[in-house]
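Participant: Take a look at this one; I'll ask things after.
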Amino acid sequence: PDRVFDVGIQEMNMVTAAAGMAKMGYIPFAQTFGPFLCVRALDQVHNDVCYNDFPVRLIGTHAGVSSGYGPTHNTIIEFGVMNALPNMTMVAPCDAGQARKLIHASLNYPGPIYIRIPRGEEPSVYPENFEYEYTIGKAIEIKEGTDLTIIATGVGVFPSVKAAEALGELGYDVGVIDMHTVKPIDVEAVVKAAKTGKIITVEDHNIKGGLGSIVADAMLESGVFAKLKKIGIPDTFVEFGYPEEIYPYYGMDTAGITKTALEMLK
């Protein structure tokens with residue numbers, strides 16, 4: 001309890017205070033709503049944390065459209081913003097168990113990390129007693145496929161797994177990659193996925209500058225090619241609505257991912 005500091009609605013001061021603690025040798029975790037962390041306090045993240053390469057762990061909650069509070073509280077730009085910041089590592093765990101693994105892994109990881117998590121009401125991708133190796137920067141291949149590969153991050157992983165299962169029942173062999181670390185992207189995993197010839201990226205984020213764009217960059221820079229379809233927010237401000245309403249609207253749920261995959265496969 002004596003290691004918790006409530007700074008109130010002062011996100012910019014919070015980031016600067018965290019940078020000061022890091023300068024003194026601590027590993028601070030600074031947490032608030034995503035939009036107020038990556039937009040309002042971006043100046044402090046840029047100058048105080050990243051410029052000095054301090055080991056601050058910035059936790060943006062209510063990621064994507066999970067808050068349900070409309071454009072001011074939706075956070076759909078972190079991937080693009082954090083990917084462009086030197087020294088920053090950007091991670092989006094897919095469930096609570098993976099978030100715990102990430103927190104432990106971050107204790108011995110150099111430099112700043114932006115951790116993107118939703119509201120905590122999402123289903124688990126990995127069973128509670130399932131043991132798997134977790135390394136920041138190393139994607140997890142949940143299922144290997146030959147017809148198409150889905151590369152998903154954060155809340156997009158669970159519906160992607162379910163979509164692959166549904167497609168399997170239709171006779172298609174679809175792989176799923178949990179790309180929990182968006183920066184640095186696991187280029188080796190992307191190159192392997194490209195061998196299937198078709199890739200779908202799934203993210204609760206603007207498709208402009210998000211996971212799909214980063215995957216496309218990785219393919220081009222590696223000299224490999226695959227047809228690519230991005231599933232996410234189509235470069236628009238999302239209206240008010242619960243994520244259970246918004247995800248189907250933009251084809252980000254299991255049914256939507258399955259439909260997009262079938263269109264590519266046929």
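Participant: Under a cut-off of 19 Å between alpha-carbon atoms, report the lysines in cross-link reach of Lys23, not counting same-chain residues fewer than 8 places apart.
Facilitator: none
Participant: Please enumerate, by chain and number, the lysines with C-alpha under 19 Å from the C-alpha of Lys162, excluding those fewer than 8 residues away in the same chain.
Facilitator: The qualifying lysines are Lys143, Lys198, Lys229, Lys230, Lys259.
Participant: Using the charge dipole of the chain (Lys, Arg: +1 at Cβ; Asp, Glu: -1 at Cβ; taken about the Cα centre), state which of Gly232, Leu85, His73 has its Cα farthest towards the positive end.
Facilitator: Among Gly232, Leu85, His73, the one farthest towards the positive end of the dipole of the chain is Leu85.
Participant: Thinking of region 110-160 as a set of Cα atoms, what percent of all their pairs are more than 18 Å apart? Provide the component values of the computation, followed by the final result.
Facilitator: Working: 585 of 1275 pairs.
Here the long-distance tail beyond 18 Å is 46 percent of all Cα pairs in region 110-160.
Participant: Now, a different point. With every protein chain present, what is the per residue accessible area of region 76-210 (1.4 Å probe, Å²)?
Facilitator: Normalised by residue count, the accessible surface of region 76-210 is 41 Å².
Participant: What is the percent carbon and sulfur in the accessible area of region 173-257, measuring with a 1.4 Å probe over the protein chains and ignoring ligands? Provide the component values of the computation, followed by the final result.
Facilitator: Working: 2180 of 3820 Å².
Roughly 57 percent of what the probe reaches on region 173-257 is carbon or sulfur.
Participant: For Rg/Rh (Cα atoms, Kirkwood Rh), pick the label among (i) 0.99; (ii) 0.97; (iii) 1.07 that corresponds to the value derived from the coordinates.
Facilitator: Structure-derived value, by its label: (ii).
Participant: Please compute the contact order of the chain in relative form: average sequence separation of alpha-carbon pairs under 8 Å and at least six residues apart, divided by the residue count, as a percent.
Facilitator: It rounds to 18 percent for the chain.
Participant: From the helices alone, meaning DSSP H stretches of at least four residues, give me the mean residue ellipticity at 222 nm for the chain, per-run term -39500 (n - 2.57), in deg cm²/dmol to the nearest 500.
Facilitator: Values: 8 runs with 82 residues, N = 266.
-9000 deg cm²/dmol, from helical runs alone.
Participant: Give a residue-ordered list of calculated ³J(HN,Hα) values for region 220-229 (Karplus: 6.51 cos²θ - 1.76 cosθ + 1.60, θ = phi - 60°; whole Hz; x for Gly, Pro).
Facilitator: 4, 5, 8, x, 10, 9, 7, 5, 10, 10
Participant: Give, rounded to the nearest 20 debye, the magnitude of the charge dipole that the chain has about its Cα centre when Lys and Arg contribute +1 at Cβ and Asp and Glu contribute -1 at Cβ. It would help to have the intermediate numbers written out before the result.
Facilitator: Working: 21 positive and 32 negative charges, 90 e Å.
For this selection, approximately 440 debye.
Participant: Rounded to the nearest 5, what % of DSSP beta bridges with both residues in region 121-266 are antiparallel? Spell out each step's value before the answer.
Facilitator: Numbers: 4 of 19 bridges.
Restricted to region 121-266, the bridges split so that about 20 percent are antiparallel.
Participant: Can you give the accessible area of Ile231 in Å² (nearest 10), computed on protein heavy atoms with a 1.4 Å probe?
Facilitator: Its accessible surface works out to 10 Å², give or take rounding.
Participant: Of Ile103, Pro55, Met14, which is farthest on the positive side of the dipole of the chain, counting Cα position, with +1 on Lys and Arg Cβ, -1 on Asp and Glu Cβ, and the Cα centre as origin?
Facilitator: Pro55
The values are calculated or read from the model by the stated rules, or taken from the named source; none is laboratory data. Since this is a predicted model, take the numbers as computed values, not measurements. For neighbour counting, all protein chains shown are included, and Cβ atoms are generated from backbone atoms with ideal geometry for every residue, glycine included. The protein model used for the area step is the full one, side chains on, heavy atoms only, and it has no ligands, DNA or RNA in it. Shrake-Rupley method; radii C 1.70, N 1.55, O 1.52, S 1.80 Å.
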